[in-house]
1. With respect to residue B:162, determine if the residue is surrounded by fewer than 18 Cβ atoms within 10 Å (Cβ to Cβ), modelled with pLDDT under 90 and more than 9 Å from every other protein chain (Cβ to nearest Cβ).
2. Are any of the residues in region A:50-61 crowded, with 16+ Cβ neighbours inside 10 Å, modelled with pLDDT of 90 or more and out of contact with any helix residue (DSSP H, G or I) (no Cβ under 6 Å at 6 or more places or on another chain)?
3. Has region B:74-94 got any residue that is surrounded by fewer than 19 Cβ atoms within 10 Å (Cβ to Cβ), modelled with pLDDT under 85 and not in a loop (DSSP other than H, G, I, E, B)?
4. What number of residues in region B:165-185 are crowded, with 18+ Cβ neighbours inside 10 Å and over 20 Å from residue B:86 (Cβ atoms)?
5. Could you tell me which of the residues B:129, B:166 is of a type outside the set (A, V, I, L, M) and either closer than 18 Å to residue A:50 by Cβ or touching a Cys at 6+ places or on another chain (Cβ under 9 Å) (or both)?
Amino acid sequence: MRCRQARQFVLEDGGRSARLEEHLSACPACAIYAREWTRLRSGMRGLALQAIPEPSLGFASRVVRSLQEASGAERAGEFFLERVGRRFVYAALLATLLLFGVLVVPRSSPVRSAPVAVANAVQPETIAAQNYPIYSGQLMDTDFEFAPQSGSR
Amino acid sequence: METARQDDPEAQWVQRIQRGDGEAFAPLVERYQRRLFSLVYRMVGRREEVEELVQEIFVKAFLAAGGYNFESSFGTWLMRIAINHCYDHLRRRRASRVTYFSEISEESEHALEAGVESRTTAGERLEADLENRELAEKLLERAPAQDRVILSLKELEDLSVEEIADLLKLKPSTVKVRLHRARKRMLADYHHWRQGR
């Protein structure tokens with residue numbers, strides 16, 4: 001018998017076989033293993049013999065009272081979920097839909113106006129372009145001269 | 001598996017509870033309180049925690065009574081709730097605990113070192129038994145919650161592998177494997193401690 005198998009048998013319930021005893025008498029390490037397990041098992045048997053704590057006086061009636069409280073709390077919880085909770089969920093859903101409508105729908109709409117930031121960014125170029133004669137209408141009847149009117153020339 | 005008989009007075013109490021009659025729970029508390037005290041005490045090992053845990057188990061069972069389908073006996077169903085509750089409690093306790101061996105007093109360390117095999121008189125044997133018990137208690141305290149549950153049911157409650165399998169809804173072969181692993185880990189933990197000193 002190998003040590004591994006012997007140790008497995010040591011931890012099993014029931015009596016020890018002659019083969020196991022033979023191995024334990026020949027192998028000091030497994031003998032210590034077996035002795036330590038016997039010791040722990042004896043300790044656990046000792047624990048099993050300890051007196052069990054008794055319910056204190058009036059324990060059963062306290063339990064029944066706490067059941068009434070618990071079932072009352074559960075009913076209150078159910079009421080909350082049924083009434084208040086459901087309303088809260090509906091309100092939150094409505095708020096989410098409104099927020100979605102405000103934030104998402106206008107951007108994809110064909111009647112969308114230009115964003116303010118874009119308008120501001122374009123504005124200085126438009127003003128500058130108005131200084132060219134072609135835009136100001138001065139070159140309509142003259143030769144094309146592509147230079148700012150208020151420039152150095 | 002033990003099943004519940006519908007004409008049993010216990011089944012009638014349960015049916016009344018399922019219809020919302022809380023008073024019908026009182027006889028069930030009277031009937032099962034000692035069994036639960038024993039089971040919970042052996043699983044958690046602390047007297048001061050037992051009563052509160054048993055009360056919580058009864059409340060849990062009462063609130064879950066609507067889901068009891070009479071497939072197993074009410075006692076088995078209640079014990080399952082108790083085992084799960086204790087398991088959760090042990091996991092929480094283990095998560096918040098500091099190292100175990102620091103909790104062993106110096107006195108008991110010396111006593112353990114001295115060894116017990118050489119003692120012969122009745123007084124010495126009694127002393128050795130107490131030391132073994134303390135050692136087993138501390139190792140159980142240190143064990144993972146799953147190991148503690150199965151070791152308590154087998155070694156302390158003295159249930160058979162089949163009874164444990166029924167309670168834990170496992171196959172007997174699975175219970176045997178888990179039990180073997182739990183014992184092996186407990187012993188390895190003991191070796192680890194001895195080598196670490």
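1. Working: surrounded by fewer than 18 Cβ atoms within 10 Å (Cβ to Cβ): yes; modelled with pLDDT under 90: no; more than 9 Å from every other protein chain (Cβ to nearest Cβ): yes.
Answer is no for this residue.
2. No, because not a single residue in region A:50-61 is crowded, with 16+ Cβ neighbours inside 10 Å, modelled with pLDDT of 90 or more and out of contact with any helix residue (DSSP H, G or I) (no Cβ under 6 Å at 6 or more places or on another chain).
3. Among the residues of region B:74-94, at least one is surrounded by fewer than 19 Cβ atoms within 10 Å (Cβ to Cβ), modelled with pLDDT under 85 and not in a loop (DSSP other than H, G, I, E, B), which makes the answer yes.
4. 0
5. Working: B:166 fails: either closer than 18 Å to residue A:50 by Cβ or touching a Cys at 6+ places or on another chain (Cβ under 9 Å) (or both).
Only one candidate qualifies: B:129.
Condition check ((1) in a helix (DSSP H, G or I); (2) surrounded by 14 or more Cβ atoms within 10 Å (Cβ to Cβ); (3) more than 12 Å from chain A (Cβ to nearest Cβ)) across all residues:
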{"position": "B:132", "(1), (2), (3)": "yes, yes, no"}
{"position": "B:149", "(1), (2), (3)": "yes, yes, yes"}
{"position": "B:158", "(1), (2), (3)": "no, no, no"}
{"position": "B:187", "(1), (2), (3)": "yes, yes, no"}
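The values are calculated or read from the model by the stated rules, or taken from the named source; none is laboratory data. All of these numbers come straight from a predicted model, not from anything done at the bench. Positions of Cβ are generated from backbone atoms using ideal geometry, with glycine treated the same way; all protein chains shown enter the neighbour counts.
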